[in-house]
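Below is one structure, written out as structure tokens, with a few remarks after it.
Read the figures in this text as sums done on the coordinates, not as results from a lab. Owing to the predicted nature of the structure, the values given are computational and were not obtained by experimental measurement. All Cβ positions, even for glycine, are placed from backbone atoms using ideal geometry, and neighbour counts span all protein chains on display.
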Amino acid sequence: MIAWTAERRRALQITGVVLLLVLALLGWFAWYKGFRVVPQPPFNTADERFMYGSVGAEETAGIPYWILYVLPRVFPDKMPGPTGYASFGVAWEMGKELPIGFSKKTIGFDRVAQNCAVCHVASYRRTPNENPVFVPSGPNHTFNLEAFFRFLVDCARDERFNADAIMHEIDLASDLSMIDRMLYRFIYIPLTRDRLLARGPRFQWIYFHGLPKWPDWGRGRDDAMNLTKYFLTTSLVVDDTLGPTDMPSIWNVGKYKAMEELTGRKYSTRMNFAGDSWDANSVIIDSHLGLLGSAPGSNKVFLEEKDWLYKYLASYQAPKFRDVFPNVLDETKVEAGKAVFAANCVSCHWSDRTGLPPPPRDQIRTGTVVPVGEVGTDVERIKSWNRDAAIRANEMVKSFGIERRGLVEADPTGYVAAFLDGIWLRAPYLHNGSVPTLRDLLTPAAQRTQSFYRGYNVYDTANGGFVSTREQVDRLAPGWNMKPDDLWQEVLAVATPYDVRWRSNGNMGHEYGVNLPQAEKDALIEYLKSL
Amino acid sequence: MPVAMNDLLKLSRAELDTLFAASPPGPIPNGDAKGLAIPEPGSEHAPALANLARRLWQGKTFDAQRKMLRNQVGLFGVKAIAADVYEGPSLFDGKPCIVLDYAKRSVIAEPVRDEIRLIAPLTYLGRIYWNGEYAGYFALHLEDMAAEQWRRRFRALLALVIGIPLIIAILLAMRFLPYRPVNYVDIEDQFKYGSTGGERNFGLPYWIWKAMPVVFADKLPKNGGAGWEAFGFVYENDEHGRKRDLPVGMMRGRDMGIDRVFLNCAACHSTTVREAADKPPKVYVAMPAARFDIGAFQNFLSEVAVDARFRANVIVPEIERQSGGLGLLDRYVVYPIAVSIMQAQLLTIRDRFVGVDGTTWGTGRVDTWNAAKAGVNFVLHELPMKERIGAADLPSIWNQRKRKHRSDGQSMQLHWTGNNDQVNERNLSAAFGTGATPSNVDHAVIDRLQEWLLDAAPPPFPFPIDRAKADRGAAVYGQYCANCHGKSGQDFTGQYVGFVTPIEVVGTDRAHYDSYTYEVATAQNMNYAGTKYRFTHFRKTAGYANAPLDGIWLRAPYLHNGSVPTLRDLLEPPASRPKTFYRGDDVLDRDKVGFRSDVPMAYGRKFDFFDTSTVTRGNGGHLWGTTLPPADKDAIVEYMKTF
């Protein structure tokens, strides 16, 4: 029997209080080093926020800053090239700590995740001797997303992903406190490895390769609907579809609604290359969820961010070729080309940016789905998505408590007739990026370029597209005081090969305007560049 | 009569004497008796002394039958030091007492004799004699000490188990943990010999540094230079006129228990100059290290790292020979480990530089940006060849304050390509070369050097200048040169000073320009991440920067790649500039301004042959002033002597 003397009770009380204090301190420490959210410093411009702002992915998909920092140093053999993260073709502004599309936020510790801009920022150079210009919301045609996905998982699978190897590099580059070093060693590094490894099962399909049946995506493309399938539905059953498409531009997304208002046909325009989604808000939500890789921590914050993105993107206007390359367009040709466009292209590609009066309301097809049998382009992308997947993805998003019009619950049937704003910067062309230049697109399919290189960002103003073939190099190098061989080496150093004979890479179809007289073609190209 | 033994500590010697005198001898004790030493009765130290004595002496164990005792000695109460026990007259008062006589039984305690008398039940007071002289008091209390002894033994054991490792740990920590960089009060000494903190990263153990040129003598450049001097390291004399132990540009710091040395800023930004062939060389600071072959040095370190002789049992004996013997710890633990750690480090650096060949750089030149690429872990050997060859001259680093202003109010673009306009980033970036990384760089030292370099100025031209001719030259210079290079060596104003001239316009060798790419510029901005020092100003530019010409007479050879030996040669059209010459001589050419460049060998040193037809060494471009009449050119050169 314990006698509850006053002293014993007092001792017990003191012990209890001390214990609570210790627990509270530990709790505070765990919160401070693991969960404390520090808002990002304010951005000066909306562009900056788009390029570097957090969309909330740090918490669920973020990688501890210093681990991300040293991965290229520990695993140079797993990078696509010798130049660190630059070799993934990320858009990186000089003076910035991280590439565009990489957001850094402190949640207990500094974490880095991706935002929309990682895929949606275009870059171009007018000559090989100048530095790139970055265009937010343009297509990132240089970014090798598949290589980046693989890299992270490959690192985690390698035995060098251990605290000793990683801390060695972190110690060389940083000045962390002893506590942070311990946290990295014993918590962040093993935890990050586990998290990256956990991605593995959902990524097994990006490890299929073998030409010509299963080509890599290459620079500037992503297999968007397979990503949706494996990350926005619970299915782990891997099918054998493959549908890499170009990173799209996402500027001026208000145009779809405007078009529906003009034609008076509600829900007539569709999003995504095969019209898989009903509206821009749905696409932003789904892509946004893809970045998070899981349900948002707070739907309110998530939807506020989505609203900001929509507002920012709705009115963002593509850069004009004329402003980028002053005095390059032949304005007479542009005018002539406008007439050719009016005669041949306007019903599928009219927009207010064409400078033409709208066709009769019921004839406007811009933004609507054109049956694949009609347009005739490669069918693989359509096969990569289906009604069942749409239903399951919609259910998943609904289960998060997020309302949206969502994905079209039907098997896709064709490809969306694209708005052509800023089309000059959206090369290569067609949904799968199988045609390197505007000029090539106006060539009969059988005579189009069979193989070329994607992801080099010097622009060929004559043909409308990026330098991607030896023919372009030979023609353009002298004008830039370069030996063609040297320029070609530069292209090969960064770009990834593309062959139209590989699966899903077909460049057939869309044979509109291919039989026009040469002068009309030239005029049309000139006009298209001006859009 | 006091009962508790500790009370005896309060009594004076006189009081104890009285107590002793008044007490009966008592019976001869038997069994354990706990002891209390009272060496200085009544003094204020008595309790402390008693406490101390308890560690050495616990008490006594009597054997009444055999009439003897043993003492309980030390923390563990070991039974030792025996004495005979009998009753006899006291030396104190002649009356009976129990005598504890060590004379016959103990060698150690032979002069000791104790006398005890019973002062309370089970308690004896003892008087100690040393050779018959009074030497203190003690007390004994008969009690069973077994439990206490075990407790004591346990505590002692515990103290040893924790204490000995702790003491060893403290000793080791004192030996190996402290970092003691060698710094100097005099700023020029600091620049030449002071630590930047970088020796903690790349630092070569001092004695290995000493041993290397002996062990690997066959790998030194064969140019006549002795030891490290073969790489163009220069040694000053100390205040006693003896050659210093370390060359200019070598810093030293004690780290991880050994002295470590490595290059500091002065290695690349100081060297010697002679006013004439028969004059002694003199060290000039902050000028380009025109004699230093850093590429060969880097290559040497890289080569020895994979040499079979890079082993403790080859290097340590040489260290012993030079040092006159190492301590046991150093001989068998510290240096053998240091050798293998250093080898691992050199191999790491070697690995990162694979693909870049330092031996092609040549004297006075360095491939800055490939070193930077290695620092951000580009895989150098996978880069296109043209990005892997970019050696250019080491620069002077005076007058950094004046470089913070140019005609548009911005800072001047620094480095040959003008790729950064921030002096502090320039300096931290250069400090990487001394091994200084974000975790070990000594910002206080760097700041101190930076502060000094803001206004450090080149010395004046050491020969007479023809003033009239220089004045004529000033006018021509003002017309043809000043817009890009400033009005004079002191006044850097000029519309284009500190701006970049496009590569097509300046027309000089483009290898260095091409080796620095946009990707490097962006990656460099991750350096010093997580600190307020993070780089934000590295840029890929369009060409080479228009540099101010302060101390230009010390900055030969000319152009960014050191392809033109003298100023006068630079004013000739490329076809008339020397096609080949020698670099590394330090005799000033007082007429054409530059260093003597037509002598292949002097002072037992062979110089570096420079062929302008080889890659990175082209001497074309920079045609300004090349069509002037010779008299004008001479005058311009005369004027530039004032810079």
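Residue ranges A:246-256, B:156-166 sort as A:246-256, B:156-166 when ordered by packing (mean number of other C-beta atoms within 10 Å per residue, highest first). By other beta-carbon atoms within 10 Å, ranking B:Ile337, B:Ile98, B:Ile116 with the fewest at the front produces B:Ile337, B:Ile98, B:Ile116.
Annotation for region A:272-305: chymotrypsin sites (Phe, Trp or Tyr not before Pro) lying in DSSP loop with at most 13 further Cβ atoms inside 10 Å of their Cβ do not exist.
From the residues B:Ala139, B:Ala109, B:Pro96, which one has its Cα farthest along the dipole of region B:5-144 in the positive direction, the dipole being from +1 and -1 charges on Cβ of Lys/Arg and Asp/Glu about the Cα centre? Value: B:Ala109.
Region B:294-347 and region B:441-491 have Cα centres lying 44 Å from one another. Across all C-alpha atoms in region A:246-530, the radius of gyration and Dmax reach 19.9, 59 Å. Using only alpha carbons, region A:316-467 has a radius of gyration to Kirkwood radius ratio (Rg to Rh) of 1.02.
Here the Kirkwood formula puts the hydrodynamic radius of region B:592-643 at 14.0 Å, using every distinct Cα pair. Here's the list of lysines a cross-link from B:Lys67 could span, going by alpha-carbon distance under 27 Å and ignoring same-chain residues fewer than 8 apart: B:Lys34, B:Lys79, B:Lys95, B:Lys104.
Counting beta carbons within 10 Å around each of B:Arg180, B:Arg590 and listing the fewest first gives the order B:Arg180, B:Arg590.
Remark: for residue pairs A:Lys105/A:Lys229; A:Lys529/B:Lys386; A:Lys255/A:Lys398; A:Lys213/B:Lys540; A:Lys255/A:Lys333, the C-alpha separation exceeds 31 Å in A:Lys529/B:Lys386; A:Lys213/B:Lys540. Based on alpha carbons, the Rg and Dmax found for region A:40-207 are 16.1, 49 Å. Between A:Gly108, A:Ser174, A:Pro201, the Cα set farthest toward the positive side of the dipole of chain A (charges on each charged residue's Cβ, about the Cα centre) is that of A:Gly108. Once the Cα atoms are used to define both axes, helix B:467-480 deviates from the longest principal axis of chain B by about 80 degrees. Shielding by partners for peptide B:529-538, expressed as the average number of C-beta atoms from other protein chains within 10 Å of each residue's C-beta, is 4.
Helix A:484-494 and the longest principal axis of the C-alpha atoms of chain A enclose an angle of approximately 40°. Restricting region B:23-121 to trypsin sites (Lys or Arg not before Pro) that sit in a DSSP loop and have at most 11 other Cβ atoms within 10 Å of their own Cβ leaves B:Arg66, B:Lys104.
Given +1 at the Cβ of Lys and Arg, -1 at the Cβ of Asp and Glu and no other charges, the dipole of region A:283-351 around its Cα centre is 40 debye to the nearest 20.
The equivalent ellipsoid of region B:181-640 has semi-axes of 37, 25, 21 Å, largest first, where each one is the square root of 5 times an eigenvalue of the Cα gyration tensor.
As a proxy for reagent exposure, A:Val375, A:Val121 were ordered by neighbouring Cβ count within 10 angstrom, fewest first; the result is A:Val375, A:Val121.
Hydrodynamic estimate: the Kirkwood radius of region B:332-419 over Cα pairs, inserted into Stokes-Einstein at 4 °C and 1.567 mPa s, corresponds to D of 82 µm²/s. With the Cα gyration tensor of the protein assembly as shown giving a ≥ b ≥ c as the square roots of its eigenvalues, does the rule (a/c under 1.5 for rounded; else a/b larger than b/c for prolate; else oblate) give rounded, prolate or oblate? Here the protein assembly as shown falls in the oblate category. Distance from the Cα centre of region A:54-126 to that of region A:12-45, in angstrom? Comparing the Cα centres of region A:54-126 and region A:12-45, I get a distance of 29 Å.
With +1 on the Cβ of every Lys and Arg and -1 on the Cβ of every Asp and Glu, and nothing else charged, how large is the dipole of region B:181-640 about its Cα centre, in debye rounded to the nearest 20? That gives a dipole near 220 debye. Across the options A:Ala446, A:Gly464, A:Trp502, the greatest Cα extent toward the positive end of the charge dipole of region A:434-524 (unit charges at beta carbon of Lys, Arg, Asp, Glu) belongs to A:Trp502. Rounded to the nearest 20, the size of the Cβ-charge dipole of chain A about its Cα centre is 1180 debye, with Lys and Arg at +1 and Asp and Glu at -1.
The HN-Hα couplings worked out from phi for region B:247-260 by the Karplus form 6.51 cos²θ - 1.76 cosθ + 1.60 (θ = phi - 60°) are x, 4, x, 10, 9, 9, x, 8, 8, 6, x, 9, 6, 10 Hz, whole numbers, x standing for Gly and Pro. Projected onto its three principal axes, the C-alpha set of region B:28-97 covers 35, 33, 15 Å, listed from the longest axis down.
Peptides A:427-437, A:200-210, ordered by how many other C-beta atoms sit within 10 Å of their residues on average, highest first, read A:427-437, A:200-210. Using equal-weight Cα scatterers in the Debye expression, the normalised intensity of region B:21-144 in log10 at q = 0.11, 0.17, 0.21 Å⁻¹ is -0.32, -0.83, -1.33. If the Kirkwood radius is taken over C-alpha pairs of region B:384-521, then at 37 °C and 0.692 mPa s the Stokes-Einstein diffusion coefficient equals 189 µm²/s. Inter-chain neighbour count for A:89-97: the average number of beta-carbon atoms from partner chains within 10 Å of each residue's beta-carbon is 5. Here the alpha carbons of region A:1-107 define both size measures, Rg and Dmax, at 24.1, 75 Å. Other protein chain C-beta atoms within 10 Å of residue C-beta, averaged over B:540-547: 1. For region B:263-277, 3J(HN,Hα) computed residue by residue from phi via the Karplus equation (6.51, -1.76, 1.60; θ = phi - 60°) reads 4, 10, 4, 5, 4, 9, 10, 7, 6, 9, 9, 10, 6, 7, 4 Hz, glycine and proline entered as x.
Give, to the nearest whole percent, the P(r) tail of region B:239-308 beyond 20 angstrom, counting all Cα pairs. Across region B:239-308, Cα pairs with separations above 20 Å total 47 percent. A straight Cα-to-Cα reach below 18 Å connects B:Lys579 with the lysines B:Lys592, residues fewer than 8 places away in its own chain not being considered. Calculation over all alpha carbon pairs of region A:228-301 in 5 angstrom steps from 0 returns a P(r) of 3, 12, 20, 22, 18, 14, 8, 3, 1 percent.
How large is the translational diffusion coefficient of region A:78-133 in µm² per second when you combine the Kirkwood radius over alpha carbon pairs with Stokes-Einstein at 10 °C and 1.306 mPa s?
Here the translational diffusion coefficient equals 124 µm²/s.
Only Cα sites of region B:558-627 enter the Debye sum here, all with the same form factor; the resulting log10 I(q)/I(0) across q = 0.16, 0.19, 0.23 1/Å is -0.52, -0.72, -1.00, listed in q order. Mind pulling up the Rg/Rh value for chain A? Radius of gyration and Kirkwood radius, both on Cα. Ratio value, two decimals: 1.04.
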